[in-house]
1. Out of the range B:165-208, which residues are within 26 Å of B:Pro45 (Cβ to Cβ), surrounded by fewer than 16 Cβ atoms within 10 Å (Cβ to Cβ) and among the charged types (D, E, K, R)?
2. Considering only residues that are more than 9 Å from chain A (Cβ to nearest Cβ) and surrounded by fewer than 16 Cβ atoms within 10 Å (Cβ to Cβ), which ones fall in the range B:143-155?
3. Could you run through the range A:222-243 and say how many residues are free of Cβ contacts under 8 Å to residues at least 12 places away in the same chain and of a type in the set (A, V, I, L, M, F, W, C)?
4. Which of the numbered conditions does B:Met110 fail, given that it passes all the others? Conditions: (1) more than 28 Å from B:Ile233 (Cβ to Cβ); (2) touching a Leu at 6+ places or on another chain (Cβ under 6 Å); (3) among the aliphatic types (A, V, I, L, M).
5. If B:Gly98 satisfies every condition in (1) surrounded by fewer than 16 Cβ atoms within 10 Å (Cβ to Cβ); (2) more than 25 Å from B:Leu186 (Cα to Cα) but one, which is the exception?
6. Just to verify a result, which residue in the range B:114-137, among those that are facing chain A (nearest Cβ under 7 Å) and out of contact with any Phe, Trp or Tyr (no Cβ under 6 Å at 6 or more places or on another chain), is nearest to A:Gly93 (Cα to Cα)?
7. Residues of the range B:195-221 being touching a Pro at 6+ places or on another chain (Cβ under 9 Å) and among the small types (Gly, Ala, Ser), which ones?
Amino acid sequence: MAIDTGLLVVSTVTLSAPLVLAALGGLTSERSGVMNIGLEGTMLSAACAACFVGLQTQNMWLGLLAAVVVGVVLMQVHGILTQAFGIDQIISGMAINALAAGATSFVNKGFLTLGVTARPVLLPKQFFWIAALAAVFLIGVIMNRTRAGLRLSAVGNDPDKSRQMGVDPIAIRYLALAATGLLCGFSGALIASNAGSFTDNMTAGRGYIALAALIIGGWRPWPTLIACLGFGLIEALQLHLQGTQLAGASVPTEFWTSLPYLVTLIALAGLLGKNRAPAGLGRP
Amino acid sequence: MKGLGARHIALALLAFLLVWAAVVATKVPPSEAVRSFIDGSMGGPAAWRQTFREMTPLVVTGLAVFLALRAGLFNIGADGQLTMGAAAACHFALAFPGPTGLWLGSLAAMAAGAAWALPAGLIKAYRGGHEVISTIMLNNVAGFLTVWLAAGPMRDMKQQSPTTRLLDKGSFLPNLVEGGPFRLSLALLIGILGVAILAFWLKRTVAGYELSATGANPSAAETAGVNVRAVTIKAMMASGAIAGLAGAFLVQAFEHRFYANFSPGYGFDGLGVALLSGGSPWGLVPSAFLFAVLSSGTSSIQLTGVPKGLNGILLGLLIMVFASVRYRRSRTVGD
């Protein structure tokens, strides 16, 4: 059972990059106290926008821009629904996921499949790798070293106390959600660019895996990066080990794909250290 | 808290405009789309058969989510519990042909659903881990596990796709009414009966009252002597058992087999059904009916050239508008 280590490293990084971007998107939102299970739908919509615009203009950079715009708009919708209308954050996230699944499938069936045969020029993978790493570094510095980061955590831990101290939680949350949209836009564009075309539900639960990595990373940038790399490695190993025997018995691929979710359940059960969820998560 | 205002009307109008724009963008005449929608959901016996078929899993999963919601729990995991229930029901129906398989299958489905909800209940009760996250994870694991089951141990090798063989006719859940293309399954009646039982149970029993009290204010319930942990775990398991039964109904009354990627998302729609019920169990019936009409209507609308994705757009917007009116969280300070 020989594994080409170099190839494994490259595929691990490739598979982790969209997770890192999306998980960091989840981080800015959740550290500001807004629960975000809408990551999946936001990534999916961004991927769809990237494909649509990328194919129409034959320019994937414009596709990336469209993905970012769609991501930011959807996350501002999440912000308006939860902050201005006061809808429960979980319900809003679910509604965004339902809307995104429907709308992207609608656009795909109705407009994408018609008359477009040319494949767009793919964006360089390395660009996204650098973007992901830069995002981890930047968010790490902002969270730990700046006044803005301190305010973000303060709002996420106790919105009422922040309000009394003169920090407006609502404004900070809209900003944090814009960052979430930006990062999910990058993540979706990367997934679309890697695939070269859009298929229904092409994010295939990566938004939830990103959420899982965020939880395992304790809502901190660097540990979240490591969790994403771990999940990327599992996915890469699974691709490399397909069909090979492990300890005499073949392990079904479904076991490997379930592994991130199982690890997250174990983490939620508190078997991997203490619960670090922001104290004000989900509060208005 | 602010009341209903112009902004709610604006939101509803915006949602309506979005749907309208989506239909117009497909260049299908809106009048034709609307007619096809109504014909496909309520125009004739075959359309009603389809609507009632869709309504059955929606009533039952709606019931499951509603029960958990009353206890203050978001059971996003109904989809996974339903899928596990369907697999269990199919296994027992295949192992024991005839009515035995029907009964054993139903019990096994409830047990499987409850077992699949248990980790989420335990994590919530003892570790404070959010049930939404744990049930999302459990959904994904259930998805992969059942794909493996349908493609491996349970597979009928004579079939091209990963599916089991057909159930013995004796293990079918019978139809109440059969006439021409029309069918009305006993499963729907059982589902509505379940709504009645839940309404009675919540209102008239101590356990039902304790469940609502826990959902309304857990610390007050704890002070009043309710074992909040026990209620949380039991509510989650009961919700899972009901969702599992929805899976059993799908196998026994409609599909008569189990296959990979079994649920098209009935569990998630169940959350929408429960939210739109307006806080009363009886509201589940019209709410499930509405979702069923949307589903069969948008299936039919495809023939005119409007993609089926319209269903997701409608559901998402419907939940947003309805939740903005009903499921608001009050602020304690500064509003």
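1. B:Lys169, B:Glu178
2. Selection gives B:Pro153 alone.
3. Looking only at that region, the number is 1.
4. B:Met110 satisfies all of (1) more than 28 Å from B:Ile233 (Cβ to Cβ); (2) touching a Leu at 6+ places or on another chain (Cβ under 6 Å); (3) among the aliphatic types (A, V, I, L, M) except (1).
5. So B:Gly98 meets the others, but not (2).
6. First, pick out the residues of the range B:114-137 that are facing chain A (nearest Cβ under 7 Å): B:119, B:123, B:127-129, B:132-134, B:136-137.
Among the residues that remain, those that are also out of contact with any Phe, Trp or Tyr (no Cβ under 6 Å at 6 or more places or on another chain) are: B:119, B:123, B:127-129, B:133-134.
Details: B:Pro119: 23, B:Ile123: 22, B:Arg127: 23, B:Gly128: 21, B:Gly129: 18, B:Ile133: 12, B:Ser134: 16 Å.
Among residues in the range B:114-137 that are facing chain A (nearest Cβ under 7 Å) and out of contact with any Phe, Trp or Tyr (no Cβ under 6 Å at 6 or more places or on another chain), the one nearest to A:Gly93 (Cα to Cα) is B:Ile133.
7. Within the range B:195-221, B:Ala196, B:Ala199 meet the criteria.
Residues checked against (1) surrounded by 19 or more Cβ atoms within 10 Å (Cβ to Cβ); (2) modelled with pLDDT of 85 or more; (3) touching a helix residue (DSSP H, G or I) at 6+ places or on another chain (Cβ under 6 Å):
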| position | (1), (2), (3) |
| --- | --- |
| A:Thr224 | yes, yes, yes |
| A:Cys228 | yes, yes, yes |
| A:Gly232 | yes, yes, yes |
| A:Gln238 | no, no, yes |
| A:Phe255 | no, yes, no |
| A:Leu265 | yes, yes, yes |
| A:Leu271 | no, no, no |
| A:Asn275 | no, no, no |
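The values are calculated or read from the model by the stated rules, or taken from the named source; none is laboratory data. Small disclaimer: the values here were computed from a predicted structure and weren't measured. Cβ coordinates were reconstructed from backbone atoms using ideal geometry, including for glycine residues, and neighbour counts include every protein chain displayed.
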